[in-house]
Amino acid sequence: MININNDYIGYKTQILPRIDWNIRFFGAHKQTVFSNWIMTKEFHNAFEILIVLDGVQETTIENKQYIIKKDEILLIPPGFEHINKCISTKSMTYFCAHFDIDEPSLRMKLVENCDWVYTPSDSSYSRLKKCLQKWIDILDEPDIMFSKAKLRAQAVLFELLEVLDDIQPQNKEMRTNQSMTTAKYAKEIAEAIKWTFKNKCIEQNENVEYTIHIQPIIASLGISPNYGLEVFQKIYHMSPRKYLSELKLQEAKILLQQPDISLSEIANRLGYKNLSHFSRQFKRWTGINPTAFRKHTNS
């Protein structure tokens, strides 16, 4: 909270900070698998958090093995290749969720403070487990409405992010000036891309396709385009072009949930000259066409 004192005028103003983050919850599941079950090598551009509810899991991250026992929690930051395997003699039950946030300084803090495995003896364990249990409780409530389940899941995610923000690693190291500079540049690039995209959506003229060029945006910030691409990839584990694509997808989903806006207008706002081009791209993003998505989310 920000306090602004002004003795001359004779009042004090309290202001909450402005929030302009994309916080995404990619879903979660609970599953029981048998001995020798193995998940092929995965790579996510998001955080993965997992708790073993029964049995034992072996996880290999960047060629290092971790044994996750019953009630222990595993947190894998974005960009790390990993393999999960059941090493119980009979079966294993686990709960797993994926999420992400595009605010670079917080994202980098979560990555750097990650201790991978959290056991019941860790100071932050009970708070982490409480969040995961709330997600599991949603799964175990079969009659809950879809919209209410989404709201509850999102609320739990905010609670989890607060817990992760409070966590300090067991082997704490001071963040270097270089890493802080990297996060600062990545944030500036992300915000410039977001600002450019939002303004294009607002100013868009009918039936005129537009293209947002990434390198000129980076250069306009006084950052070498090649260096900018490098630091952005380091923080976000995706290219600026992919980030722009994610912004378009999120904006498309928001607009599609507003039935008074036509599909043609949505396509136009997002920079597509015709509806068919937008429909093909949206299906590549989601696996379904915009009409089917609108019908599903508004039903």
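The values are calculated or read from the model by the stated rules, or taken from the named source; none is laboratory data. Nothing here was measured: the structure is a model prediction, and the numbers come from that model. For neighbour counting, all protein chains shown are included, and Cβ atoms are generated from backbone atoms with ideal geometry for every residue, glycine included. With ligands, DNA and RNA removed, areas are computed over all heavy atoms of the protein, side chains included. Shrake-Rupley method; radii C 1.70, N 1.55, O 1.52, S 1.80 Å.
Quick look at the values:
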| item | result |
| --- | --- |
| Per residue accessible area in Å² of the chain, where ligands, DNA and RNA are left out and the probe is 1.4 Å | 57 |
| Those aspartates and glutamates that a straight Cα-Cα span of less than 15 Å connects to LYS194, excepting residues fewer than 8 apart in one chain | ASP20, ASP102, GLU103, GLU203, GLU246, GLU251 |
| The chain: translational diffusion in µm²/s, Stokes-Einstein, Kirkwood Rh over Cα pairs, 10 °C, 1.306 mPa s | 73 |
| C-alpha long axis of helix 275-286 to longest principal axis of the chain, angle in ° | 20 |
| Peptides ranked, highest mean first, by Cβ atoms within 10 Å: ranges 185-191, 143-149 | 185-191, 143-149 |
| Approximate spin-label separation PHE158-LYS30, in nm, with each point projected 7 Å along Cα-to-Cβ | 2.5 |
| Relative contact order, percent, segment 1-160 [alpha-carbon distance under 8 Å, six or more residues apart] | 24 |
| Apportionment of accessible area to carbon and sulfur, the chain, percent (1.4 Å) | 51 |
| Qualifying lysines (Cα of each under 22 Å from Cα of LYS148; at least 8 residues distant if same chain) | LYS30, LYS129, LYS130, LYS134, LYS253, LYS295 |
| Listed peptides 13-23, 285-295 by packing density, highest first (mean Cβ within 10 Å) | 285-295, 13-23 |
| In Å², nearest 10: area of ARG269 left accessible to a 1.4 Å probe | 70 |
| Aspartates and glutamates with Cα under 20 Å of LYS64, excluding same-chain neighbours fewer than 8 positions away | GLU42, GLU48, GLU72, GLU81, GLU112, ASP115 |
